[in-house]
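Written below as structure tokens is the structure these notes are about.
The values are calculated or read from the model by the stated rules, or taken from the named source; none is laboratory data. Computed from a predicted structure; not experimentally measured. Don't worry about glycine lacking a Cβ; one is built from the backbone with ideal geometry, like all the others, and counts go over all protein chains shown.
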Amino acid sequence: MKRREFIKKSITSGVVAGSALTFMPYRNLFGAYNNPADPYDLVAIKGGEPHLMFDTAIESLGGMRKFVKSGQRVVVKPNIGWDASPERAANTNPRLVGRIVEHCFNAGAKEVLVFDNTCNDWNKCYSNSGIEKAVKDAGGKMVPGNTEGYYHKVAVTQGKSLKDSKVHELILESDVFINVPVLKHHAATGLSISMKNLMGIIWDRRYWHRNDLHQCIADFTTWSKPDLNIIDAYRVMQKNGPRGVSVDDVGLYKAQIISTDMVVADTSATKLFGSDPADVDYLKIADQMGVGTMDLKSLNIKKIMI
Amino acid sequence: MKWKLLKKIRVWVSLLFFVCTLFIFLDFTFSLAFQFFSTILYLQFVPSLFKFINLISFSAVGFIFVVIITLFFGRVYCSSVCPLGTLQDIISNISKRGRREKRLFKYLKPNSWIKYSILIITLILISSGSILLVNLLDPYSLFGKISLNLFRPPVIWINNFLVGIFESFDQYILYRVEVKHYNPLSITFSLLMLGFILWLSLKKGRLYCNTVCPVGTVLGIISKISLYRISISEIACTQCGVCSYVCKAGCIDYENSKLDVSRCISCFNCMIVCPENGITYNRIGSNKPEKKTDPVKRQFLYNSLLLAAGILGFSKLVSGQDKPKLDSIPIYKPKPGLATTIPEDKKFHVTAPGSLSIDHFKAYCTACHLCVAVCPNQVLQPSFLEFGLSGIMQPRMDYHTAYCNYDCIRCTEVCPSGAILPVTTDDKKKIQIGKVVFIKDNCIVVTENTACGACSEHCPTKSVQMVPYEKGHHIPEVDTEICVGCGACEFACPTLPYKAIFVNGNDIHLTAKVIEASDEIKEVYLEEDFPF
């Protein structure tokens, strides 16, 4: 509780502007990008069930213990934006989310919390996506994100269009942030993958839409860097995204992509979807801003076919 | 004494109805099954009557039961079923406590002229196509408005306060709830009515019920011929007056040992205080009440009926005159340079799916605001004059506040008056309550030359699609045939102060075209290697 109060106070008093500055390079140094300790920059796996693919894929990255240490508080952020069944692939696959939570606990996590700032009625999204049940069965906790009270302002110092944003308190207070988007078509941005999924941890999405959406998505990734991005491409919504109308919109890809670098992850997922990454503006901007790289050739990629 | 038991039963039954009715207006967790609503509200007189006229079904004969009960036992509805009546009793009971000197009621002269006038004007208005006075005066609907506007927000604030405490212990069992239904006019009306009724009840007991309330007046007329009634034995009566001191209806004229049956709400308070045991609740005829006619009253009723008949002739002229028109748009503070310039030209406000048409909705909605209380998205908002004077305070779909959940039929399940008729989820998805309109020159894609697409993102039917536009951007294109008018696009549209996309209400609901889609998932690139 003391930690919590401290964080809250520091946020409200604006101290966070400074702390974010010191926080960022720290993460860049030891956290994600081009860390020689990581065996692979990207793991792509295909042909299995979502939870089983994750077992194999995370193992090749050295297991969940690489990312979650004993006693840590973990926040898992799937896409739970829509009141839709798992077959519609509007939300992340519940079996995958459940398995991730299990892996976190096996790695010694003290607590695993799951939330999203949903587009539809949050109670229905949580239950009809199947994610609530999967998380609870795995011992995790579902946390609401339905009102502004859960969100606190942070400064996005490197942002061009986005100078600040209100971020869910779980992201601010947890030790580990695992981003679990679903790969899908998106009316506004072409595709929704890891970077776009972060629009579910902030409050005022309309501001982003008003102020150059692609730039805002890229800007925000200079502030928020998940410790791990797990892209669910088991069922993929190929058109009418991000909500979809029926299962007619969905294709079965049976794939999964894992990376600590969101730009790397999203670039490869875009190719998997069948699109050209050069057509996705926010990817290009993020690449130019140095958030990550779109150049997959220079990377150490592990591909697994089951 | 047996009368004590009778009073006890009355108190407990009234509390049961009160608590349950209050609860359905306060429950912000939406945990109750819709059967609970229909059971609790089955006996609410006006909604049941309206629903019956609407449906002619057994599910709506509650008001007939009330009439029968009244014919047998007097105005039991007023003392036990009506939540507004019990609210008055509770407040006056609380105010009594802690006082050294007990407040005494006393005999009131019947305000027959006022109460019959109100009833007759109400009926005349109904027959001319406006339920204005029902919306304003029906006790159940008033209680609903008061509960929603005045009691619900504080309950949610307390919840949100507790959430904060729980959260600091990392407990997320409770969750914050946002109150979106602030309508200053609706709140002011509720406050004034509550204040007025409570002031009356603290001063003079159930004066609202016996002078203003049209349901009270109707049941009063019926209770004049009720089988069982409270009566004072002239032989036993010593004119001590104790009974009239506890009579909240003010209907006991102890000096003449008389009790005005039409105003008696069967609370049984008088019977247990009579030192002579001279007040009994018996079948009519067992102590022969006198019968006499009041020529003045008869003449009045006769004249009123003539007047009503005359006005009926004008009913077609009067009804449907004031089609709603949107005149005010909520004021937002746009960032300088980003303000949109073209106002949304809304011809009609949107009514809830299942309400068939604006005319149907206006004819049957008693403005109890139950739909507002159960709407999980809070798209149903308390209104004031949005539907014109005759549709005063009937809730509308407000797409600046929220949108209608594609899979939700909650309001259709609970509406007690049949203004919103029950529909299945599948049927609801085909009901077109309005049509989408795109204002290109307000759109971010045009004004800012950046990507947006929030409208298309949220559209459940994809009647808003993004099509190629300049500079590689995409711009919305609308298909009004498949649009259901849910307002998700209007809600999501980020432009200020006017939206670039909005829903124009259908004054008569239509059927949206449904695009058939296969329900099979096709396999894609399964055998191929990764393209990277």
> So which helices (runs of 4 or more DSSP H) are wholly in the stretch B:357-420 and hold at least 2 residues that are touching a Leu at 6+ places or on another chain (Cβ under 9 Å) and either among the small types (Gly, Ala, Ser) or within 14 Å of chain A (Cβ to nearest Cβ) (or both)?
Replying inline: B:370-374
> Only one residue in A:Ala278, A:Ala286 is crowded, with 23+ Cβ neighbours inside 10 Å and either polar (S, T, N, Q) or over 15 Å from the mean Cα position of the chain (by Cα) (or both), so which one is that?
Replying inline: A:Ala286
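In the stretch B:455-485, which residue that is assigned to a loop (DSSP other than H, G, I, E, B) and away from every other protein chain (no Cβ under 11 Å) is nearest to the chain's Cα centre (by Cα)? Lay out the reasoning, then the answer.
Residues of the stretch B:455-485 that are assigned to a loop (DSSP other than H, G, I, E, B), as a first pass: B:459-463, B:469, B:473, B:479-485.
When the remaining residues are screened for being away from every other protein chain (no Cβ under 11 Å), the result is B:469, B:479-481, B:483-485.
Numbers: B:Tyr469: 47, B:Asp479: 35, B:Thr480: 32, B:Glu481: 32, B:Cys483: 29, B:Val484: 25, B:Gly485: 24 Å.
My answer is B:Gly485.
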> What do you reckon, is B:Asp426 without any contact (Cβ under 8 Å) to a residue 24 or more places away in the chain and part of a loop (DSSP other than H, G, I, E, B)?
Replying inline: no
> Assuming B:Ile64 fulfils every condition listed in (1) touching a Phe, Trp or Tyr at 6+ places or on another chain (Cβ under 7 Å); (2) over 30 Å from B:Ile158 (Cβ atoms); (3) aliphatic (A, V, I, L, M) apart from one, which condition is it?
Replying inline: (1)
> Quick one: how many residues across the stretch B:122-176 are of a type in the set (Phe, Trp, Tyr) and assigned to a helix (DSSP H, G or I)?
Replying inline: 6
> Can you pull out the residues in the stretch B:49-83 that are surrounded by fewer than 24 Cβ atoms within 10 Å (Cβ to Cβ) and not in a helix (DSSP H, G or I)?
Replying inline: B:Ile56, B:Ser57, B:Val61
>> If I filter the stretch B:96-109 for residues that are assigned to a helix (DSSP H, G or I) and either crowded, with 19+ Cβ neighbours inside 10 Å or among the charged types (D, E, K, R) (or both), do I get at least one hit?
In response: yes
>> Any residue at all in the stretch B:170-180 that's within 14 Å of chain A (Cβ to nearest Cβ), in contact with a Leu (Cβ under 9 Å, 6 or more places away or on another chain) and among the hydrophobic types (A, V, I, L, M, F, W, C)?
In response: yes
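Out of the residues in the stretch A:230-270 meeting the condition of being assigned to a helix (DSSP H, G or I) and more than 18 Å from the chain's Cα centre (by Cα), tell me which one is surrounded by the most Cβ atoms within 10 Å (Cβ to Cβ).
Let us first name the residues in the stretch A:230-270 that are assigned to a helix (DSSP H, G or I), namely A:247-249, A:262-270.
Okay, now just the ones that are also more than 18 Å from the chain's Cα centre (by Cα), so A:247-249.
Numbers: A:Val247: 20, A:Asp248: 18, A:Asp249: 23.
Among them, the one singled out is A:Asp249.
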>> I'm told A:Gln158 meets every condition in (1) assigned to a helix (DSSP H, G or I); (2) in contact with a helix residue (DSSP H, G or I) (Cβ under 8 Å, 6 or more places away or on another chain); (3) not charged (D, E, K, R) except one. Can you identify the failing condition by its number?
In response: (1)
>> Of the conditions (1) farther than 21 Å from A:Asp116 by Cβ; (2) at pLDDT below 95; (3) within 11 Å of another protein chain (Cβ to nearest Cβ), A:Val291 satisfies every one except a single condition; which number is it?
In response: (3)
> When only residues in the stretch B:444-454 that are assigned to a loop (DSSP other than H, G, I, E, B) and facing chain A (nearest Cβ under 8 Å) count, which is modelled with the lowest pLDDT?
Replying inline: B:Glu448
> Listed residues A:Lys136, A:Lys153, A:Lys124; which is away from chain B (no Cβ under 14 Å), surrounded by fewer than 21 Cβ atoms within 10 Å (Cβ to Cβ) and outside any loop (DSSP other than H, G, I, E, B)?
Replying inline: A:Lys153
> Of all residues in the stretch A:91-112, which are out of contact with any Phe, Trp or Tyr (no Cβ under 8 Å at 6 or more places or on another chain) and of a type outside the set (Asp, Glu)?
Replying inline: A:Thr92, A:Pro94, A:Arg95, A:Val97, A:Gly98, A:Val101, A:Cys104, A:Phe105, A:Asn106, A:Gly108, A:Ala109, A:Lys110
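One line per residue, one yes/no per condition, for (1) crowded, with 21+ Cβ neighbours inside 10 Å; (2) within 12 Å of chain B (Cβ to nearest Cβ); (3) touching a residue at least 60 places away in the same chain (Cβ under 8 Å):
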position	(1), (2), (3)
A:Val97	yes, no, yes
A:Thr147	no, yes, no
A:Gln158	no, no, yes
A:Lys163	no, no, no
>> If B:Asn149 satisfies all but one of (1) polar (S, T, N, Q); (2) within 14 Å of chain A (Cβ to nearest Cβ); (3) touching a His at 6+ places or on another chain (Cβ under 8 Å), what's the number of the condition it fails?
In response: (2)
> Got a number for residues in the stretch B:497-532 being away from every other protein chain (no Cβ under 13 Å) and of a type in the set (Gly, Ala, Ser)?
Replying inline: 1
>> Being outside any strand (DSSP E or B), of a type in the set (Ser, Thr, Tyr), away from every other protein chain (no Cβ under 11 Å) and buried (at least 23 other Cβ atoms within 10 Å of the Cβ) is the requirement here; does A:Thr221 meet it?
In response: yes
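Output the residues belonging to the stretch B:432-443 that are more than 13 Å from every other protein chain (Cβ to nearest Cβ) and either closer than 17 Å to B:His400 by Cα or without any contact (Cβ under 8 Å) to a residue 40 or more places away in the chain (or both).
Applying the first criterion (more than 13 Å from every other protein chain (Cβ to nearest Cβ)) to the stretch B:432-443 yields B:432-441.
Within the stretch B:432-443, B:Ile433, B:Gly434, B:Lys435, B:Val436, B:Val437, B:Phe438, B:Ile439 meet the criteria.
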>> With the structure loaded, tell me whether B:Lys429 is more than 26 Å from A:Met199 (Cα to Cα), among the basic types (Lys, Arg), surrounded by 14 or more Cβ atoms within 10 Å (Cβ to Cβ) and more than 12 Å from every other protein chain (Cβ to nearest Cβ) or whether it fails that test.
In response: no
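Restricting attention to the stretch B:210-269, report how many residues are of a type in the set (D, E, K, R) and over 25 Å from B:Tyr116 (Cα atoms).
Step one: of the stretch B:210-269, the residues of a type in the set (D, E, K, R) are B:224, B:229, B:234, B:248, B:253, B:255, B:258, B:260, B:263.
Still in the list and also over 25 Å from B:Tyr116 (Cα atoms): B:234, B:255.
Within the stretch B:210-269, residues that are of a type in the set (D, E, K, R) and over 25 Å from B:Tyr116 (Cα atoms) number 2.
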>> Could you check the stretch B:443-458 and list, in sequence order, the residues that are under 14 Å from B:Ile501 (Cα atoms), buried (at least 18 other Cβ atoms within 10 Å of the Cβ) and touching a strand residue (DSSP E or B) at 6+ places or on another chain (Cβ under 8 Å)?
In response: B:Cys443, B:Val445, B:Gly453, B:Cys455, B:Ser456, B:Glu457
> For the stretch A:169-189, what are the residues that are surrounded by 24 or more Cβ atoms within 10 Å (Cβ to Cβ), of a type outside the set (A, V, I, L, M) and out of contact with any Ser or Thr (no Cβ under 7 Å at 6 or more places or on another chain)?
Replying inline: A:Thr189
